[in-house]
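The values are calculated or read from the model by the stated rules, or taken from the named source; none is laboratory data. Every value quoted in this text rests on a predicted model; they were computed, and no experiment measured them. All Cβ positions, glycine included, derive from the backbone under ideal geometry; neighbour counts span all protein chains shown. Quick note on the areas: whole protein, heavy atoms, side chains included, nothing else; ligands and nucleic acids left out. Shrake-Rupley method; radii C 1.70, N 1.55, O 1.52, S 1.80 Å.
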Amino acid sequence: MRQIVISILIITLSLNSFSQEKSDKVIAYEKAVKAIKLMDNGDIDKSIKMLRESQQLDPENYNYPYETAYAYYLKNDYKKAIQELEKVLTYKEKSDQCYTLLGNIWDMEREPEKAIAIYNQGLEKFPNSGRLHFEKGNVLEVLKKYDEALNIWEEGILRNPSYPSNYHTASIYFCKYTTEKIWGILYGELFANIERGSKKTEEISKLLYETYQSAITIKSNTEVGVSFSKAAQLPISEKADNLQIPFSIPYEMTMALSVVPEANENELGIKSFSNIRTTFITEWYGKNRNTEYPNILFDWHKKLIDLEHFESYNYWLFMKGNEKEFEEWYNQNSEQFDKFIEWFSNNPMKINDENKFHRTQYE
């Protein structure tokens, strides 16, 4: 069952709501807070009763029937949950979570087409909802409409770049099921920076490690191969002056050059990937590729290199791919790593509408 984001009741009360005698809205709010605590503690029926009382006191507030629907969802009473949510959608004010929950319930009721219809309704009202794009993509994936699912996840990345889940699913899809692993590793690393410390982050850490291992080949001390993209080909055009070289071509060329110094290694691991990625950034910026192909992730790498945190960052990023190597390195470099983590905790990568990465920016 897909994870449902539990709504936290947020009600903005104007100063006028407070008076010597409590207004109906204030009483409704206080009841709802108690009801949600009851719900969290498993006393769902009592919670529903109190939420009904809140709804009577403040009938224009969609939060109360939404939370009631969520309570029915927890009881596995999907019929009543659907009835409540259909009422919620008639409210003038509502959130994207209302459409998300209703769509998810229809999906669990094995009505994927109804779920998609609800997500589409939600996207008409909330076109920048990363959550709705993510859930719609998930249902399309179940229907084996893989290309459509990927397009929706990537649209979610473009419209809501700070929402993590679309990066996660797009990364897995590109790395595991396509020849264009280049986009998978970029999306995956962005995900790891947005959502740190979760089980999904550990999953992506291992995926990135395995993808680098599979895409880089050491053939001899002087011969290496990289295969992050099969689309690394020049387009045929009569207008050579306006020829736009695909990003994947300079990427693979620079990556291949960066792998050569590691050709003597018997087995590539975190240390090798850290060295390769450091050389890559040095070459990329040394040849001013960053001006032609701007990339917030590469800018982030450059900043970490300048701050002498990039080695620690790479061990953090790939640790779940080779935990033994990470532990051995950490035992020798604990002070360095701990300083990085302290800095990293206070200086997250900024990903927003003004500072984002999306595959289509190179098209």
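Listed values, structure above:
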quantity	calculated
Residue tally, condition part of a helix (DSSP H, G or I), open to solvent by 40 Å² or more (accessible area, probe 1.4 Å), hydrophobic (A, V, I, L, M, F, W, C) and free of Cβ contacts under 8 Å to residues at least 40 places away in the same chain, over region 131-159	1
Any pair with Cβ under 6 angstrom, 6 or more apart, that starts in region 162-180 at a residue that is under 13 Å from K200 (Cα atoms) and ends at one that is surrounded by fewer than 24 Cβ atoms within 10 Å (Cβ to Cβ) and basic (K, R)	H168/K200
Given (1) in a helix (DSSP H, G or I); (2) open to solvent by 70 Å² or more (accessible area, probe 1.4 Å); (3) at pLDDT below 95, number of the condition E203 does not satisfy	(3)
Residues of region 33-84 classified as of a type in the set (A, V, I, L, M, F, W, C), within 32 Å of the chain's Cα centre (by Cα) and within 22 Å of S23 (Cα to Cα), total	3
Any pair with Cβ under 7 angstrom, 6 or more apart, that starts in region 320-343 at a residue that is modelled with pLDDT of 95 or more and ends at one that is assigned to a helix (DSSP H, G or I) and open to solvent by 50 Å² or more (accessible area, probe 1.4 Å)	K320/E202; K320/K206; G321/K206; G321/E210; F337/Y330
Of the criteria (1) touching a Pro at 6+ places or on another chain (Cβ under 8 Å); (2) open to solvent by 60 Å² or more (accessible area, probe 1.4 Å); (3) over 30 Å from N128 (Cβ atoms), which one K339 fails	(1)
Region 293-305, subset in contact (Cβ under 8 Å) with a residue 12 or more places away in the chain and open to solvent by 50 Å² or more (accessible area, probe 1.4 Å), residue farthest from S248 (Cα to Cα)	K302
Enumeration of residues in region 160-186 that are among the β-branched types (V, I, T) and part of a helix (DSSP H, G or I)	T169, I172, I182, I185
Residue selected from region 226-252 under the condition surrounded by fewer than 16 Cβ atoms within 10 Å (Cβ to Cβ) and outside any loop (DSSP other than H, G, I, E, B), by the criterion modelled with the highest pLDDT	I249
Condition check for Y72: on the phi < 0 side of the Ramachandran plot, of a type in the set (F, W, Y) and in a loop (DSSP other than H, G, I, E, B)	no
Test: residue in region 116-130 that is part of a helix (DSSP H, G or I), hydroxyl-bearing (S, T, Y) and farther than 21 Å from T360 by Cα	yes
Test: residue in region 10-21 that is modelled with pLDDT of 95 or more and over 24 Å from Y163 (Cβ atoms)	no
Pairs, first within 13 Å of I216 (Cβ to Cβ) in region 251-267, second among the basic types (K, R) and modelled with pLDDT under 90, C-beta under 9 Å, six or more apart	A263/K219
Exclusive hit being open to solvent by less than 50 Å² (accessible area, probe 1.4 Å) and either under 30 Å from R159 (Cα atoms) or in a helix (DSSP H, G or I) (or both), set N275, N352, N290	N290
Enumeration of residues in region 96-116 that are in contact (Cβ under 8 Å) with a residue 12 or more places away in the chain, open to solvent by 10 Å² or more (accessible area, probe 1.4 Å) and more than 18 Å from the chain's Cα centre (by Cα)	Y99, W106, D107, M108, E109, P112, I116
